[in-house]
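The values are calculated or read from the model by the stated rules, or taken from the named source; none is laboratory data. Quick caveat: nothing in here was measured; it's all calculated off a predicted structure. Every residue, glycine among them, receives a Cβ derived from its backbone with ideal geometry; neighbour counts consider all protein chains shown. These accessible areas exclude ligands, DNA and RNA; they are computed on the full protein's heavy atoms, side chains included. Shrake-Rupley method; radii C 1.70, N 1.55, O 1.52, S 1.80 Å.
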Amino acid sequence: MASEREGDGDDVLVARMGQGDEEALRELIVRHQDRVYGTVAKMIGGAGPDAEDLAQQVFLRIWRAASSYRSEAKFTTWLMTVTRNLVFSFCESRSRRREVSDVVLDEEGEELEIGQQPVIERNPRDDLSGKELVRAVKLACAHLPMKQRLVVHLREHEEMEFSEIAQVLGVSELGAKSLMFRARENLKNRLAEFFTEPK
Amino acid sequence: MKMTRNDEGDRLGPELGRLWAADPVAKAPPWFAAKTMARLRREEEKKRGWLGLPRWALIGTGAAILAVGWLRWESQPTVGDAELFAALDAMVEEDREIRWWAGL
């Protein structure tokens with residue numbers, strides 16, 4: 001019985017959750033925790049207690065909405081939509097207190113304010129895998145508007161189709177592609193110095 | 001089907017993609033599932049009140065009892081002013097008559 005259940009698809013697990021099966025939720029968490037946690041961390045600027053809290057909230061929402069879930073779209077699209085809603089609300093409330101885009105975490109998890117970044121004195125191409133590169137990428141990512149950041153993450157890391165990304169963001173497919181285009185241009189401008197080949 | 005990075009129209013492209021990947025995506029901590037399940041149970045427990053009944057059921061029952069009590073109180077028979085003063089007048093009149101007979 002247990003081995004049969006191990007192979008259950010996401011939709012089956014959600015149906016079991018709708019009937020109050022907590023074990024189904026646990027299985028779903030184990031399957032998708034890295035996807036949700038990684039997305040949240042990327043969106044809010046780093047891993048930590050906030051990312052953990054938000055990722056937990058995503059799964060609790062999924063649990064509560066399971067009984068009304070209709071599998072019209074892929075489960076991961078629904079999961080990412082719930083994640084987006086929570087992350088965007090979190091960032092909006094945080095930006096009321098401070099300018100969220102101005103904050104980026106360094107390697108030690110400490111916040112770096114934009115405009116107060118240490119000046120890179122040596123040629124960044126000398127150490128492309130070094131801290132400077134990671135810091136520059138984090139900073140470039142933090143400068144991207146929320147929707148652009150999410151599109152890039154979902155496309156590059158989650159390898160989602162634009163039709164799915166469009167559903168997650170509540171925009172048209174063309175709109176999602178346009179966000180990707182603008183994100184790419186923004187990133188090119190910010191990370192130009194790290195390009196190994198001339199543009 | 002896994003897509004390749006050669007279609008720059010849809011993706012970051014090889015150069016930007018490599019740079020983007022330099023900042024790896026965080027993985028969930030090992031305790032994540034256990035903590036989420038514990039939080040779920042804690043929140044479900046919080047939603048329950050006495051005798052394992054959901055809190056909303058207890059609040060609803062309490063509100064219903066108060067509403068019924070209030071309605072019953074409101075529907076009690078009332079004595080109008082005219083009736084009340086007529087009864088008092090009758091008592092005063094009767095008292096006066098008794099006093100007259102008693103020679104007071």
Förster radius 30 Å - calculated FRET efficiency between residue A:30 and residue A:157, Cβ distance, rounded to 0.05: 0.95
Give me the distance in nm between label points sitting 7 Å out from Cα along the Cα-to-Cβ direction at residue B:10 and residue A:85, one decimal. 2.9
Give the peptides B:18-31, B:58-71 in descending order of average Cβ contacts within 10 Å, highest first. B:18-31, B:58-71
Inside 10 Å of the C-beta atoms of A:20-27, what's the mean count of C-beta atoms belonging to other chains? 2
Starting from the amide H of residue B:48, placed 1.01 Å from N in the peptide plane, find each other amide H under 5 Å away whose residue is 5 or more places distant or on another chain. B:55
Take the Cβ-Cβ distance between residue A:21 and residue B:59 as r, set R0 to 30 Å, and report the resulting FRET efficiency rounded to the nearest 0.05. 0.60
Buried area at the A-B interface (accessible, heavy atoms, 1.4 Å probe, summed, Å²): 3900
Work through the residues other than residue A:57 whose Cβ is under 14 Å from its Cβ and net out their charges, Lys, Arg +1 and Asp, Glu -1. +2
Mean Kyte-Doolittle hydropathy of 0.5 or higher plus an axial Cα length of 18 Å or more: which whole DSSP H helices in chain B meet both? B:55-74
